[in-house]
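The structure appears below as structure tokens.
Every number in this text was worked out from the coordinates using simple rules, so none of it is lab data. The structure presented is a predicted model; accordingly, all values stated were derived computationally and were not measured. Neighbour counts are summed over all protein chains in view; Cβ atoms, including those assigned to glycine, are modelled from backbone coordinates with ideal geometry.
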Amino acid sequence: MSALSDRIAQFRKMTTDDPENELGHFRLGQLLMEDHQHAEAVKSFETTLTISPQFSKVYQLLGECFTKLSQPEKAVEVMTRGWTVADQRGDKMPRDAMANMLAKLGAPIPKQEAKVEDDGTDTGFRCSRPGCTEGKRALPVGKPPIGGPEGDRIAATICGVCWNGWLKDFSIKVVNELRLDLSSEGGQAEYDRHMKEYFGFES
């Protein structure tokens, strides 16, 4: 079994054991795309959006899958919805990527709507984790929560809610479901890899 196939199997197990784990479904979809299994990736991304409909990056990847599957109508429909979600959330990178893909498909790009202000205060910070739901209310972690460059990166780009989500929930699932021995070099490396994937730091 190749390394990619092994990772796909790991995330299949993770999503089977925890069907409500949107990050697990999202990452499985990414790995299936990498393995050119676009029809299977569609299923994972659609499940992700059922759980987390504000996860703007997923619309982009789902649209890419439909394009690869020669289903341009579906690609346009999902990316038009996704563009609006991304614009409302202030997720500029996936919004602009979907605008470019819509233009290539000859489809109109939605117009920006006047944003309805909620009663939350805009902190000026935007969390970079895919699927973060804090929006303009996001507050940074503060000081680096772990040592090394990854700790600095988390402090600079990740909100406290997402860090706590990793620390108190997702990391525990990773350790338990993959039976990681964090006292071993291999176990710690696997743990670190999942942490980077959770925060969107993977290459």
Here the residues within region 66-84 that are farther than 20 Å from E40 by Cβ and in contact with a Lys or Arg (Cβ under 6 Å, 6 or more places away or on another chain) are W83
Looking at this structure, is D181 touching a residue at least 12 places away in the same chain (Cβ under 8 Å) and either of a type in the set (D, E, K, R) or in contact with a His (Cβ under 6 Å, 6 or more places away or on another chain) (or both)? no
Any chance Q60 is in contact with a helix residue (DSSP H, G or I) (Cβ under 7 Å, 6 or more places away or on another chain) and farther than 21 Å from R7 by Cβ: yes
So G90, is it farther than 30 Å from A138 by Cα, among the small types (G, A, S), surrounded by fewer than 20 Cβ atoms within 10 Å (Cβ to Cβ) and in contact with a helix residue (DSSP H, G or I) (Cβ under 9 Å, 6 or more places away or on another chain): no
Which of (1) within 16 Å of the chain's Cα centre (by Cα); (2) over 16 Å from P108 (Cα atoms); (3) of a type outside the set (S, T, Y) does Q71 not meet, given it meets every other one? (1)
Output for region 80-94, where each listed residue is in a helix (DSSP H, G or I) and in contact with a Ser or Thr (Cβ under 7 Å, 6 or more places away or on another chain): G82, V85, A86, R89, P94
